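The values are calculated or read from the model by the stated rules, or taken from the named source; none is laboratory data. Everything numeric here is computed off the predicted structure, so don't read it as measured data. Cβ placement follows ideal geometry from the backbone for every residue including glycine, while neighbour counts extend to all protein chains displayed. Calculation scope for accessible area: heavy atoms of the full protein, side chains included, ligands and nucleic acids excluded. Shrake-Rupley method; radii C 1.70, N 1.55, O 1.52, S 1.80 Å.
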Amino acid sequence: MITIRKAEKKDCPRMMELVRELALYEKAPEQVTVTLEHFEESGFGPNPVWWAYVAESGGVIVGIALYYIRYSTWKGSRMFLEDIVVTESFRGKGIGKLLFDRLVEEAKEKGFSGMVWQVLEWNEPAINFYKKYNAKFDPEWWNASIEL
């Protein structure tokens, strides 16, 4: 039995564990530098910048889907899926689909014009998952960032 619900502040330690699990899977564990305090404040402080859903099994969080609002001058408000992760022992059981479907529903409820995200080019399981939703993959745009 899997329950999908909105994340609560008390979920943050487990959510961060799953973020670290994802980073390890993506071969970049050292890149997770956010503190638990900052993570909690960013999601549950006076001015939240992210929202999330969690998937629970037997009272244990086994998956998360975290998003924020992105604004496009061409498309308007869009949901940006920052992370969707299901702990390894629960993968392949449809939990990712439950989380993703809930995000699609949320995006529609909030009147967003769409949902965007990134996926590593070598992550075939994720790419195949997104293809089931008829996702478009854009080869023209490159990711860019600076560290402050």
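Are there any chymotrypsin sites (Phe, Trp or Tyr not before Pro) in region 41-82 that are in a DSSP loop and have at most 14 other Cβ atoms within 10 Å? List them by number. Spell out each step's value before the answer.
On the way: sites: Phe44, Trp50, Trp51, Tyr53, Tyr67, Tyr68, Tyr71, Trp74, Phe80; in loops: Trp50, Trp74.
Passing both the DSSP loop test and the Cβ count: Trp74.
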Where the chain is the region considered: accessible area per residue in Å², 1.4 Å probe: 67
Whole-number percent relative contact order across region 1-82, with pairs defined as alpha carbons under 8 Å at least 6 apart: 29
Segment Lys97-Ala28, length gained on full extension (0.36 nm per residue, minus Cα span): 22.4 nm
Antiparallel DSSP beta bridges within region 62-145, percent to nearest 5: 75
Distance in nm between pseudo-label sites at Ile69 and Trp50 (7 Å out along the Cβ direction from Cα): 1.8
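Can you figure out the FRET efficiency of Trp117 with Thr35, using R₀ = 35 Å and their beta-carbon distance, to the nearest 0.05?
Details: r = 24 Å, r/R0 = 0.69.
According to the calculation, E is roughly 0.90.
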Accessible surface of the chain, 1.4 Å probe, proportion on carbon and sulfur as whole %: 54
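Applying 1/(1 + (r/R0)^6) with R0 = 25 Å to the Cβ-Cβ distance of Glu88 and Ser42, what FRET efficiency is obtained, to the nearest 0.05? Don't jump to the answer; show the numbers that get you there.
Working: r = 26 Å, r/R0 = 1.03.
It comes to 0.45.
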Mean residue ellipticity (222 nm) of the chain, computed from DSSP H runs ≥ 4 via -39,500 (n - 2.57), nearest 500: -9500 deg cm²/dmol
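Taking each full run of DSSP H in the chain as one helix, which ones are at least 15 Å long along their axis (Cα atoms) and have mean Kyte-Doolittle hydropathy of at least 0.0?
Details: long enough: 12-25 (19 Å, 0.34); 95-109 (21 Å, -0.13).
TM-like helix candidates: 12-25.
Between beta-carbons, use under 11 Å as the cut-off and find the net charge around Arg70, counting Lys and Arg +1, Asp and Glu -1.
Numbers: positive: Lys75, Arg78; negative: Glu82.
Local charge sum for Arg70: +1.
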Paramagnetic reach from Asp138 in region 55-73 [backbone N under 18 Å; point 7 Å along Cα→Cβ]: 68-73
